[in-house]
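Below: the structure, in structure tokens.
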Amino acid sequence: MIRHELSKAFRSPVLYGLVLFFLTLNMALIVSNDYKKESLSFVSHVVEQYGPKATDDSLLKMEEDGLELIHDYTDRRFSTLEEALQHEDSFIPSMQQDDFERLKQLVLYFETGRQADSFYKELNLQDARSGAIDQYGLSGGAEDVLINQYEKAEERKKELVENAEHLSFFFHGATYEMHSFLFKEIGRALLFEAMVLTVLLTAHVTTYEFERRTSLTLFVTKKGRTMMRDKWVASTVASGIISAFVFAFTLGIYFIFYDYSGLLSSSFSNFFMSEMKMPYISWWNVTFTEYLGLFVLAALALQIVFNWITYALALHLRNGHLTYIAFAVLFGAYLCFSSLLPANTGLIFAGQFSPFIMILNPHAWFTMNNPMTIFSYYEVVTLAAWGLGFILIGAFSYKHFTRQSLL
Amino acid sequence: MLEVHHVTKNYQSFTALKEVDLQFDHGIYGLLAPNGAGKTTLMKMLVTLTFPSDGEITYNHENIVDLGEEYRDILGYLPQDFGYYKSYTAEKYLMYIAALKGLDKTKAKLRIKELLELVGLQDVGRKKLKKFSGGMIQRVGVCQALLNDPKVLILDEPTAGLDPKERARFKRLLSTLARDRIILLSTHIVSDIESIAKEIIMIKDKRVLYKKNQEELRSLLEGKLFEAIIPFEDVEAYHSKFSVLSEKQEKNGIKVRFVSEQKGAWNEVEPSLEDVFLYVYEEETDLSEDRKHD
């Protein structure tokens, strides 16, 4: 019977229209960074020629190649790139455009690589902590929690330096902001799109009989109200399928469009990716591919949690439109509620463990970059707690439904 | 045996049914009452769509709610407002309901063919339901109720939307089916159950007023029902003195059919089930509406 319920899920023309609309939107979003595409690919050549990490050897080789390029355009001989760049007027005006671009990129990655070690040595997380305490007005228990978490972050920072994770080449973050582009702009768009599809689809399946006035006929059959159990499973599977499809299609196009070759095995917590003062640091030593995998898994799990929330709402409301509205109200109400939590106790952090907050900051998932969610298992705990909670609420709602009057 | 034991149904502060006791054995039972009397509420309780606030309903001495799937397996129900999926063909919709009723595919296909023939829809089984008339949809509704060959068949206003020919066919069908099962049929149209119902149940003021066979019901007005042709200006006086069940325009005045406890110079007439219905629900029925059913 689950097959029948699944077929109801995929029978909505609105769903297909929305999927098409979202995919078109995502394509437009991906193409919007088209102008960076050509210069982005340089980093792949860097990895190919100098290896995956900015070690002393690879930096030396980069410097030699840079100098060789410069010496093609000037009779002067420089011993370091730094020295050469102090006299850039002697070679830049005569350089061909291609060589100039190549030199510019080479210098960009060389300079960044050279600064990596000293940057992490000087990186003071206590400053970040103080900034966060001031920014959010934390005191008392909340301040203690943050102090404790930044101590763990400090440990992780030392560990990543020991592992030389920070030396992995990646797109230059301050120049291209590719992490934000992929995980914030595209990632957040994907999450909201999948959420909209999940809520629509789940409400559609759960209220199908009520909306079409077949409930009085179908709920007195032998299968009866136990059909709602099948709907739960079917809507979960359908939400997973539709979300996975939108993710796979969009990310597939993204990785065809932007060349990540050579970077897939780069450590996520590298210095090159830094977009702001605080570089991205994941809680674990993961490669970019592993991070992406974790991100997609968490994103799909998030949709399952939204599916279960919607299922419980739909069982009580038995009306598709009311369910959409109730979900939106719940989302908004939770955001208001979390902003009202006192900033002098750990409660302010407890309030962050919510799928409604989690969906807002996907670029900071599994990292220590958002002070309010600076917990190594923030994503896992949020998904597990809300998932478990809504399994129980769903089961209770189902039980309640079997004893309710259907008029 | 299906039994209703002292059942009361409240909707918050409103009481729809009060202390209802009924027993159903094999045969057709007609639930006759005007709209809003609680027929649908009683039927929804009998099919477990809603539950008694007090009392219980049992099938073979077991509570139907506790029986759950076992009870629903022997149940056929046609709701007053039979919903369907417009884009489905009649066969597809019936196959879907058959699956929900636990019938295997092969058995279901044969049963659907048989039932579509029974209701005269064998030629349109593969047509989409959106192309069906109201009467055809109602016949599909009857088919789905009969899919599992139910021991308890509950039909809420089943003749709504059927033309006279279809109604006659439906009455014949019910008579055939009633031999080995309980059929409870609710209606406010007397002719639907006249001649086929084993017993008629009348609900008034939230309680069961009568559960009698048609003969017993008619005897309630025995020797009390009269007809007279009176001048138009006397109609008002008759209304205030007697229970006037019907009026009919004649050449030389108005022919009134009325109930009187005392005999007079009027023609005594044989009471029909409709007379009993109109008399019992006098305050709740509108004569102009009743004439449509003559």
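Listing for the model above:
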read-out	value
Least to most buried among B:Cys143, A:Cys336 (fewest other Cβ within 10 Å first)	A:Cys336, B:Cys143
Share, in percent, of DSSP beta bridges within region B:2-217 that are antiparallel, nearest 5	50
Per-residue Cβ neighbour rank within 10 angstrom, fewest leading, A:Phe337, A:Phe10	A:Phe337, A:Phe10
Cut-off 15 Å between beta-carbons: net charge of the residues surrounding A:Glu290, Lys and Arg +1, Asp and Glu -1	-2
On Cα atoms only, tilt of B:105-118 relative to the major axis of chain B in degrees	30
Cα principal axis extents for region B:219-293, largest first, Å	30, 28, 20
Where N is the number of residues in region B:169-218, Cα Rg divided by 2.2 N^0.38 Å	1.19
Cβ charges +1 (Lys, Arg) and -1 (Asp, Glu), total dipole of the protein assembly as shown, debye	3300
Region B:219-293: relative contact order as a whole-number percent, Cα under 8 Å and 6+ apart	38
Highest-fluctuation residue, A:Gln97, A:Gln126, A:Gln303 considered, GNM on chain A with Cα pairs under 10 Å	A:Gln97
Least to most buried among A:Glu193, B:Glu166, B:Glu216, A:Glu38 (fewest other Cβ within 10 Å first)	A:Glu38, B:Glu216, B:Glu166, A:Glu193
Dipole axis of the protein assembly as shown (+1 Lys, Arg; -1 Asp, Glu on Cβ), positive-most option in A:Ala364, A:Leu160, A:Gln115	A:Ala364
Simple Cβ-charge dipole of region B:2-217, Lys/Arg +1 and Asp/Glu -1, about Cα centre, in debye nearest 20	1180
Too-long pairs where the Cα-Cα distance tops 25 Å, listed order kept, from A:Lys399/B:Lys211; B:Lys109/B:Lys131; A:Lys61/A:Lys152	A:Lys399/B:Lys211; A:Lys61/A:Lys152
GNM result for chain A, Cα springs below 10 Å: residue of A:Leu197, A:Leu69, A:Leu138 fluctuating most strongly	A:Leu69
Lys, Arg +1 and Asp, Glu -1 on Cβ, resulting dipole of region B:219-293 about Cα centre, debye, nearest 20	300
Span-like helix ranges in chain A, DSSP H, alpha carbon extent 15 angstrom or more, Kyte mean at least 1.6	A:13-31
Choice from A:His316, A:His87, A:His172 showing the highest fluctuation, given a GNM over chain A with Cα pairs closer than 10 Å	A:His87
P(r) histogram, all alpha-carbon pairs of region B:2-217 included - 10 Å bins from 0, percent	8, 34, 36, 19, 3
Farthest toward positive dipole pole in region B:2-217 [+1 Lys/Arg, -1 Asp/Glu at C-beta], among B:Asn10, B:Leu31, B:Leu129	B:Leu129
Of B:Lys212/B:Lys241; A:Lys121/A:Lys277; A:Lys53/A:Lys184, those spanning more than 22 Å from alpha-carbon to alpha-carbon	B:Lys212/B:Lys241; A:Lys53/A:Lys184
Overall form of region A:287-386 per C-alpha gyration tensor (a/c, 1.5; a/b vs b/c)	oblate
Region B:7-80 and region A:275-351: distance between their alpha carbon centers, rounded to Å	45
Of B:Gln144, B:Ile203, B:Val259, farthest towards positive along the dipole that unit charges on Lys, Arg, Asp, Glu beta carbons give region B:118-265	B:Gln144
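The numbers here are math on the coordinates, done by the rules we state, and not lab data. As the structure is a prediction and not an experimental result, all values here were calculated from the model. FYI the Cβ positions are ideal-geometry reconstructions off the backbone, even for glycines, and counts take in every protein chain you see.
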